Amino acid sequence: MPIELWQGLLIPFAGTTLGAACVFFMRNNLGEMVQRALTGFAAGVMVAASIWSLLLPAMEQAADMGRWSFVPAVVGFWLGIFFLLGLDRLIPHLHRGSAEAEGIKSSLGKTTMLTLAVALHNIPEGMAVGAVYAGWLYGDSGITLAGALALSLGIAIQNFPEGAIISMPLKAEGVSKSRSFLYGTLSGAVEPIGAILTILLAGILVPVLPYALSFAAGAMVYVVVEELIPEMSVGKHSNIGTILFAVGFTLMMTLDVALGA
């Protein structure tokens, strides 16, 4: 695999790691308003990435199907939705601010389940990066290296606050700085793993690339609607989440169009 590929796969993970490192140089926990704003920003980035970096290239990749070129995008999108729905039902996890765990019953600790909750929606982000880089390597969808890098940068930017949202509350609850940093970092470790597996699959079965792109889009949209939008809208003054959603959306859109052209 070319060095550009490894760099692109590790950039999002670096964003999570840097965010988790906030425990070492920030004294106070992130305020509720700040967390809602950052969650809204992440949601905006993910929705824009789903459209410009995944669904549109999936339809371009299937352009030889003519008027039916939407089929891989629709099928892949719904497969991604059902995949995340299944993981959501199976993996024990606990969302921030929730008192009741989701998934199968487990004796796992609160810290572990909070980490699993973030790791759960990092899976489609890793798959999205892997699918786009697979499109650059194997496909004929017009995906450029700069366009793939734009997605990596966009995911990394929204991963920074995600790492902090895991590590800072853990520190506030009495967990040591080093362990808080470790849990925050581990929540993003699934991204490069998911990306590599997606690239390997697309390399073996190149015709599945449009489905892989739209699969990642469906998985990310599931996370946004199921988890991020409710979190950014809770409580008073929830319009801050909506505003940052728009900021994240336009930033990701700008990155993709400017760098992917």
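Heavy-atom surface analysis with a 1.4 Å probe gives the chain a carbon and sulfur content of 71 percent of its accessible area. Of the residues Leu137, Leu87, Leu228, which exhibits the maximal mean-square fluctuation in a Gaussian network model of the chain defined by a 10 Å Cα contact cut-off? Greatest mean-square fluctuation among the candidates belongs to Leu87. By the rule of a C-alpha distance below 27 Å, with chain neighbours fewer than 8 residues away ignored, the lysines paired with Lys105 are Lys171. Modelled spin-label separation between Arg89 and Arg67, with each label point placed 7 Å from Cα along the Cα-to-Cβ direction: 3.6 nm. Were the residues from Leu197 through Ser107 laid out at 0.36 nm apart, the gain over their Cα-Cα distance would be 29.5 nm.
Let a ≥ b ≥ c be the square roots of the eigenvalues of the Cα gyration tensor of region 152-241; is it rounded (a/c under 1.5), or, if not, prolate (a/b larger than b/c) or oblate? Since a/c reaches 1.5 but b/c is at least a/b, the shape of region 152-241 is classed as oblate.
Distance between the modelled labels on Ala172 and Glu32, one decimal in nanometres: 1.0 nm (7 Å Cα→Cβ projection). Computed over neighbours whose Cβ is under 11 Å from that of Ile240, the net charge equals +1, Lys and Arg +1, Asp and Glu -1. Based on protein heavy atoms only, the chain ends up with 44 Å² per residue of surface accessible to a 1.4 Å probe.
Subtracting the Cα-Cα distance of Tyr138 and Trp6 from 0.36 nm times their residue separation leaves 45.9 nm of extension gain.
The values are calculated or read from the model by the stated rules, or taken from the named source; none is laboratory data. Every value quoted in this text rests on a predicted model; they were computed, and no experiment measured them. Here Cβ is always computed from backbone atoms with ideal geometry, including for glycine, and neighbour counts include all displayed protein chains. Please note that ligands, DNA and RNA were not included when accessible areas were found on the heavy atoms of the full protein model with its side chains. Shrake-Rupley method; radii C 1.70, N 1.55, O 1.52, S 1.80 Å.
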